[in-house]
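Contents: one structure, followed by commentary.
The values are calculated or read from the model by the stated rules, or taken from the named source; none is laboratory data. Here the structure is a predicted model, which means the values were calculated and not measured. For neighbour counting, all protein chains shown are included, and Cβ atoms are generated from backbone atoms with ideal geometry for every residue, glycine included.
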Amino acid sequence: MAVWILGQDGSRLCYFDEEFRPAFYVRGPLAALRSLAGTLSSRFPGLTATFTERIDLWSGKQVPVCAVTPACLAAFSTTIRYIRQTAPRLDLFNADLLPEQVYCYAHQVFPLAYCEIESEGSRLCSVHSLDDPWHTDFDLPPLRVMELRPDCGIGNPNHGGRFSIEVKIDGNTWLLDEAAAEQPLAQSLAELLVRFDPDLILSQWGDSYLLPRLILQAEKFKIDLPLNRDPTRVPFRKRDRSYFSYGRIVFKDSSTCLFGRLHVDLRNSFVCGETGLEGLYELSRMTKLPLQYCARTSTGTGITSMQLDLAYQDGILIPSQKAEPEQTKSGLELIIADRGGLVFHPKLGLFENVAELDFASMFPSIMARFNVSPETVNCECCENNLVPELGYSICERRPGIVSRTVGPIIAKREKYKALRKSSPDSNKEAVYDARQTALKWMLVTCFGYQGFKNARFGRIEAHEAINAFGRDRLLMAKELAESQGYEVLHALVDSVWLLKPGAVEADYEALAREISSATALPMSVEGIYQWIVFVPSKTSPRIGVPSRYFGVMRNGKLKVRGIEMRRHDCAPLVAAMQEEILEVLKGASDRGEYLDLLEGRAKEILESYIARLHDGQVSTADLVVSTCLTRYPEEYAHATRAAIAAQSLRARGVRLRPGETVKYVICDARAKVPAERVRPVELDGPMTYDSQEYERLLREALRPFVPRL
């Protein structure tokens, strides 16, 4: 195992832990295990196979297993493959974990940790963490950062354009342009890498575009491009892929990871997109996932890693894949059990003095408070029918692995939120906010992973139990509020919007405390709205949409959900108009002022945008529409705008996959020739636009602001 250390003296050194030999476990009939142990010992010199006991997750009891320790780390995967081929009926445990993860579990260290090491030359004798992943105030290592991004337009550089790179480091900027350069770009970048020796390469489009092109160029011209600090390794590339998830096609871009250096593509990282580098650092420290891997994987993988760590420390057997099938249910039982959170359609219109009360981290809190975990739901030892509606039992003898994981995360997030509120330093406040947001996303996905078909510690009955508790507690909150004279305008899974004439903040706070006490879940006042508008459905104007509303709170904070500016396929021009209108409406203190501003200043803003549009005073970037492909370009049967743009790119040799995003400008929405209706932004040449179609989009974007009276 190679361990890179940034020394206090500024050195960057690689040490090798040659003694690291993780074991995996095999379970099955005793005779079969004895036969396997003998075969492995003779076939793989240096391998040890011993009989021991480990804890079974589902029963909580010690079970006999064969512990197999390969001679070296490199032989680990080879041994696993051999067993799967020769003894497919035996069960393997701890067999498909990342070696880097296991190393961190075994030594209780984590990425970016402050450590004490002992070494003999390049051999790592011991490593001991002086840090704690649960600390809220910690020092990060002084990483040298190089920033790379393609110097191109607004589109995807993989879809066309010249090859040029903007490089930033230590306050200096270089523009490496293929057309104007006297030497290959790979050579210029190699010189900068040698000169500055960065620890972290922070890129835009680095995974799929910049680094692959640079590597190919270096190979072509025999250039020594030191992307890796380890000269014996080549950058690790993982191919792109499309997959189906939660009812939609998702495209996962390719990735390029380095050895001895870190590479993070901000555009290819959900975590960085939501929380920035601070959130990524927080998650990598907490989950013990390698930073490059953590940047490119889901937050659900992160919380799974924390569960794996807990299981590893407790000696619990970690299955290679989900092995617990769903329990058989009758049709009626399935109808009762297979439901999500409770949702009420909102009452349409504009309302004043409305309070929003939220259960804090509702589903994770349910897991922690009621001990909901795969092995605790319908356990073998308890019959208490604790789960509302479903009658499932929850174990009262042992805490579940999921509930033990989420409890400390909830507590740490609350600490960050408290630090954010009390911090006098705006920079520190932003850091705390990024970290608590990163933890929030882990908690959100923890619930979903209970129903995920491949989750190691997932189980559909646990998912159903969490939803049942959630529905029951939200209904309790609604009934308690109504019993005290509050009108429920809307309720959505873990939040309720309440109205009561004359109620003040203290009244809402008192109600939140009562609900917290009655439900055993923490509830707080998210805010009190000066006014809030619940927006109807576009297709059914009499029906409200649960996640489509906007309003301004008394502290001046705007909250917007579901309207055009929040959609990924909204043109920036339309989003900018809605944002400007909201800033104007934000000044309204009541319904009368709101309607006056809507009829006056808001409509003036609309007309000014339309005038700019017809006068040609908008840029191409303001008109770009982004759409996600649901299939391959050639598979579209109808000439939708996304299909036309995708087929135009395909005709020019661009490879597109389902789930990828195409960006285009509407040129002539009513053109008889489909190819003339839209044009991808990556294509060269002058770009015209359909001013009438964009005017229609602008006028349509004003409709949500007109409240139903």
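Considering the range 380-389, and only residues there that are among the hydrophobic types (A, V, I, L, M, F, W, C) and surrounded by fewer than 21 Cβ atoms within 10 Å (Cβ to Cβ), the residue that is nearest to Glu414 (Cα to Cα) turns out to be Leu386. Scan the range 374-396 for residues that are in contact with a strand residue (DSSP E or B) (Cβ under 8 Å, 6 or more places away or on another chain), within 13 Å of Phe469 (Cβ to Cβ) and hydrophobic (A, V, I, L, M, F, W, C) and the total you get is 4. Just to verify a result, which residue in the range 158-198, among those that are within 32 Å of the chain's Cα centre (by Cα) and small (Gly, Ala, Ser), is modelled with the lowest pLDDT? Across the range 158-198, the extreme among qualifying residues is Gly161.
So which of Val662, Val654 ends up being in a strand (DSSP E or B) and not aromatic (Phe, Trp, Tyr)?
Going through Val662, Val654 in turn, just one is in a strand (DSSP E or B) and not aromatic (Phe, Trp, Tyr): Val662.
Provide a single number: the residues in the range 78-92 that are out of contact with any helix residue (DSSP H, G or I) (no Cβ under 9 Å at 6 or more places or on another chain) and either among the hydroxyl-bearing types (Ser, Thr, Tyr) or free of Cβ contacts under 8 Å to residues at least 60 places away in the same chain (or both). Result for the range 78-92: 6. Based on what the data block shows, is Leu390 part of a loop (DSSP other than H, G, I, E, B), among the aliphatic types (A, V, I, L, M) and over 23 Å from Arg435 (Cα atoms)? Yes: the conditions hold for Leu390.
Residues being surrounded by fewer than 14 Cβ atoms within 10 Å (Cβ to Cβ), of a type in the set (Lys, Arg) and not in a loop (DSSP other than H, G, I, E, B) are entirely absent from the range 640-647. Arg435 falls short of the stated requirement of being buried (at least 21 other Cβ atoms within 10 Å of the Cβ) and touching a Lys or Arg at 6+ places or on another chain (Cβ under 7 Å).
Suppose the filter is under 16 Å from Pro704 (Cβ atoms) and either among the β-branched types (Val, Ile, Thr) or assigned by TED's automatic domain parsing to the domain that holds His490 (or both); does Ile515 pass it? Answer is no for this residue.
Within the range 444-459, the set of residues being part of a helix (DSSP H, G or I) and surrounded by fewer than 22 Cβ atoms within 10 Å (Cβ to Cβ) comprises Val444, Thr445, Gly448. The strands (runs of 3 or more DSSP E) falling completely within the range 1-109 that include 3 or more residues that are polar (S, T, N, Q) and either at pLDDT 95 or above or closer than 30 Å to Thr287 by Cβ (or both) map to 48-55. Considering (1) farther than 21 Å from Arg162 by Cβ; (2) surrounded by 20 or more Cβ atoms within 10 Å (Cβ to Cβ), the lone condition that Leu656 does not fulfil carries the number (1). Taken over the range 665-709, residues that are in contact with a Lys or Arg (Cβ under 7 Å, 6 or more places away or on another chain) and part of a loop (DSSP other than H, G, I, E, B) amount to 7. Listed here are the helices (runs of 4 or more DSSP H) enclosed by the range 235-338 that have at least 3 residues being buried (at least 21 other Cβ atoms within 10 Å of the Cβ): 270-287, 291-296, 299-314. Does Lys428 satisfy the condition of being surrounded by fewer than 22 Cβ atoms within 10 Å (Cβ to Cβ) and either aromatic (Phe, Trp, Tyr) or in a helix (DSSP H, G or I) (or both)? Yes. Kindly indicate the residue of the range 479-534 that is among the charged types (D, E, K, R) and in contact with a Phe, Trp or Tyr (Cβ under 8 Å, 6 or more places away or on another chain) and also farthest from Gly587 (Cα to Cα) among those meeting that condition. Going through the qualifying residues, I end up with Asp494.
Consider Arg54 carefully, then state whether it is crowded, with 17+ Cβ neighbours inside 10 Å and of a type in the set (Lys, Arg).
Against the criterion (crowded, with 17+ Cβ neighbours inside 10 Å and of a type in the set (Lys, Arg)), Arg54 qualifies.
Comparison of Arg420, Arg435, Arg413, Arg404 shows that the only residue that is of a type outside the set (Phe, Trp, Tyr), farther than 30 Å from Phe244 by Cα, in a helix (DSSP H, G or I) and under 18 Å from the mean Cα position of the chain (by Cα) is Arg413.
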